[in-house]
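Note sheet for the following structure.
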Ligand SMILES: [Fe+2]
């Protein structure tokens, strides 16, 4: 008998293949989905959760971005602010339009359904609401950490147009360093709200600031070990050519220092705990 995980993966792929898989945006999203599912599973395991909870964490990872396919079909972009909130769209499709009924759910914990909707709707929000029961919060945190972990890879390894699909780039490359409001977020160890980002470099800073929001030690270790955050903070390209102006490079160094302070971990390859 096929197990739930294998079968759910097949249902997901069948669904995704109903869209234009020759479109690079779709192909990247399929890869991202399976990576986030696997990372969620790894984090749940590391947190000592039960086998069925681990499976549930994997399943939420599989479902979390399902709204992306309709988003790209309808709007041709992954930029939520120029189209639709993809987390809300995905949850609407799953739970209001019945898409969830295609997925096998045997072997999941009894309360999987009650948690699924908030976990998916909240996966892309800046903050989790205070009023969230502890168990749902834990699953939401696992998914959000797993998603962020893989977003570092996506941003560092896939060119902007290929992963966003918008001709209207969100941020122009103005050649300016980051402003005070953005650097204040860096010093306060928090994510940069969308409204205060104005150019491509501030976009880079704010992506890296997701590091401050990682909840679990295992997530921070994984991000460090994968090396993508380090790549995003690099001052030179692999050939040693500077990527940024001196002022920008200095801001990146400051950001790196703040992340290491917040994590109490070095971002170097063989990063040991600092203290
Ligand atoms: Fe997402």
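Here are a few things to note about the model shown:
- Angstrom value of the Kirkwood radius, inverse mean 1/r, which spans all Cα pairs in segment 41-117: 13.5
- Under the simplified labelling scheme, the residue 158-residue 50 pair shows an inter-label distance of 3.5 nm, with each label point 7 Å from Cα along Cα→Cβ.
- Every helix of 4 or more DSSP H residues in the chain counts as -39500 (n - 2.57), and over all residues that averages to -17000 deg cm²/dmol at 222 nm.
- Residue 114 versus residue 176: modelled label distance in nm, points set 7 Å from Cα along the beta carbon direction: 5.0
- Residue-normalised convex hull volume from the C-alpha trace of the chain: 148 Å³ per residue.
- Peptides 94-101, 217-224, 73-80, 33-40 ranked from most to least packed, by the mean per-residue count of other Cβ atoms within 10 Å: 33-40, 217-224, 73-80, 94-101.
- Ranking of 28, 64 by count of other Cβ atoms within 10 Å, fewest first: 28, 64
Read-outs throughout are calculated quantities, based only on the coordinates presented, and are distinct from any laboratory measurement. Please read all numbers here as calculations on a predicted model, not as lab measurements. Every residue, glycine as well, gets a Cβ built from its backbone with ideal geometry; the counts of neighbours run over all protein chains shown.
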